[in-house]
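Peer 1: Here it is, the structure, as structure tokens.
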Amino acid sequence: MTRANQGADDAAANDPLASATHGGSQTYRITIPEIDLSASCKEGESVLAAMVRHGIKRIPSGCHGGGCGVCKIKIDAGQYKAGKMSLSAISREEMDKGYALACKTFAKEDLEIAVVGAMRKSWKLTP
Ligand code: FES
């Protein structure tokens, strides 16, 4: 575990809704294995908003509206709903390959995410 995501783990450990149904509201687990990160994401909450809520640093973001593409991620496992995204920020071919914009990605089950694009630079990962 890295120091950078310690806060995320602590927040998730203290989150009674993590990966559970509680009071009719579903919560899902988001994991990013390459950076040893795990956090909960509430139903209807974007992946980006969940990361911000957990205080996870070094998550690139810009417009928060699906228009700039800086929050691009790749979903390796799990079902999700994609909100409206600009085709200038992400192509249909990328979407077909599982790429999405974290600010417009809404989990429908636990998600496993790969680090791509600006997020790789932010976490100082090799290309
Ligand atoms: S922050 Fe701009 S597309 Fe997600």
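Throughout, read-outs are computed from the coordinates displayed, never taken from laboratory work. What you see is a predicted model; the values in this text were computed from it and never measured. In this analysis, Cβ positions are derived from the backbone assuming ideal geometry, glycine residues included, and neighbour counts consider all displayed protein chains.
Peer 1: Among the residues of region 79-89, which ones are surrounded by 18 or more Cβ atoms within 10 Å (Cβ to Cβ) and more than 8 Å from the ligand (Cβ to nearest atom)?
Peer 2: Taking region 79-89 as the starting set, the residues that turn out to be surrounded by 18 or more Cβ atoms within 10 Å (Cβ to Cβ) are 80, 85, 89.
If the condition is that a residue be surrounded by 18 or more Cβ atoms within 10 Å (Cβ to Cβ) and more than 8 Å from the ligand (Cβ to nearest atom), then 80 is the only one that fits.
Peer 1: Which of the residues spanning region 81-109 are of a type outside the set (Lys, Arg) and either at positive phi or within 11 Å of the chain's Cα centre (by Cα) (or both)? It would help to see each step written out before you state the result.
Peer 2: Initially, region 81-109 is screened for residues of a type outside the set (Lys, Arg), giving 82-83, 85-91, 93-96, 98-103, 105-107, 109.
Hits for region 81-109 are 98, 100, 101, 102, 103, 105, 106, 107.
Peer 1: Which of the residues spanning region 59-107 are free of Cβ contacts under 8 Å to residues at least 60 places away in the same chain and closer than 18 Å to residue 125 by Cβ?
Peer 2: Step one: of region 59-107, the residues free of Cβ contacts under 8 Å to residues at least 60 places away in the same chain are 61-105.
Across region 59-107, the qualifying residues are 61, 70, 71, 72, 73, 74, 75, 76, 99, 102.
Peer 1: Within region 39-73, count every residue that is more than 10 Å from the ligand (Cβ to nearest atom), assigned to a loop (DSSP other than H, G, I, E, B) and of a type in the set (A, V, I, L, M).
Peer 2: Qualifying residue count, region 39-73: 1.
Peer 1: For region 94-127, which residues satisfy the criterion of being among the hydroxyl-bearing types (Ser, Thr, Tyr) and within 20 Å of residue 57 (Cα to Cα)?
Peer 2: Residues satisfying the conditions are 105, 122, 126.
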